[in-house]
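The values are calculated or read from the model by the stated rules, or taken from the named source; none is laboratory data. This structure is a prediction, so every number in the text was calculated from the model and none was measured. So basically every Cβ, Gly included, is an ideal-geometry build from the backbone, and we count neighbours across all protein chains shown.
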């Protein structure tokens, strides 16, 4: 099976508001997103399809066809619109990223010939995106940032083995990174709010459980989690997952960017083999 991806950009305005609620409740649940005049985003939509190679043409499907189908849909329904006021579906459903990605999926899933829609991902901004795949619940990913130092060193290895394995990262004084943390939760958007989880609640949990412990710290020296565990990025991703899991029942996976080139992901023990 081959997978092809196409990205389309568009802009739109929306407001988070439930008409049946009081102004006070809307503001309490949605915060600044409840501004009645709306706010906007430059969205990025990634559409991935899958199919088998046509040995005569050497392609799965003409990517121009994918582009035209997606562009026509975006132009007609979403681009340049105030979604709550101009789109029938979002007049009744809060246009959260979760609701939007579900709506886009439902529209596009049977529109392609010679291939099958595999995944769509909608970026509301650099720090928030939603994903929908076939036979899967919707996922919401929130990105966070923290700065930390660490030293890669294992007490189970000799000095020479540590230097050979970790090189300059074995510097006794340590070294540092600007870590970017992707926290992904999975579930069904709430029928009223359109959210899998309230972002304010998610932010509070991640800040309290993870960021307050790790940000501007030396992981080996300042944290209990790595007092006896080598703080490789793999270990950091796993530890953060286990820290958050009791507080986030819908936690799906943790992604950790140690650098722009190094990315690590952990999905919990259910995925371990």
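Comparison of 42, 65, 72 shows that the only residue that is loosely packed, with under 12 Cβ neighbours inside 10 Å and either in a helix (DSSP H, G or I) or not assigned by TED's automatic domain parsing to the domain that holds residue 13 (or both) is 72. Note on the stretch 253-266: residues that are surrounded by fewer than 20 Cβ atoms within 10 Å (Cβ to Cβ) and in contact (Cβ under 8 Å) with a residue 24 or more places away in the chain total 8.
Could you tell me whether residue 205 is without any contact (Cβ under 8 Å) to a residue 60 or more places away in the chain and under 18 Å from residue 123 (Cα atoms)? Answer is no for this residue.
Across the stretch 176-200, the number of residues qualifying as at pLDDT below 95 and more than 27 Å from residue 133 (Cα to Cα) comes to 1. The set of residues in the stretch 86-107 being in contact (Cβ under 8 Å) with a residue 24 or more places away in the chain and either assigned to a helix (DSSP H, G or I) or in contact with a strand residue (DSSP E or B) (Cβ under 6 Å, 6 or more places away or on another chain) (or both) consists of 90, 95, 97, 98, 99, 100, 101, 102, 104, 105, 107.
The strands (runs of 3 or more DSSP E) located wholly in the stretch 158-273 that include 3 or more residues which are in contact with a helix residue (DSSP H, G or I) (Cβ under 6 Å, 6 or more places away or on another chain) and not assigned by TED's automatic domain parsing to the domain that holds residue 94 occupy 251-257.
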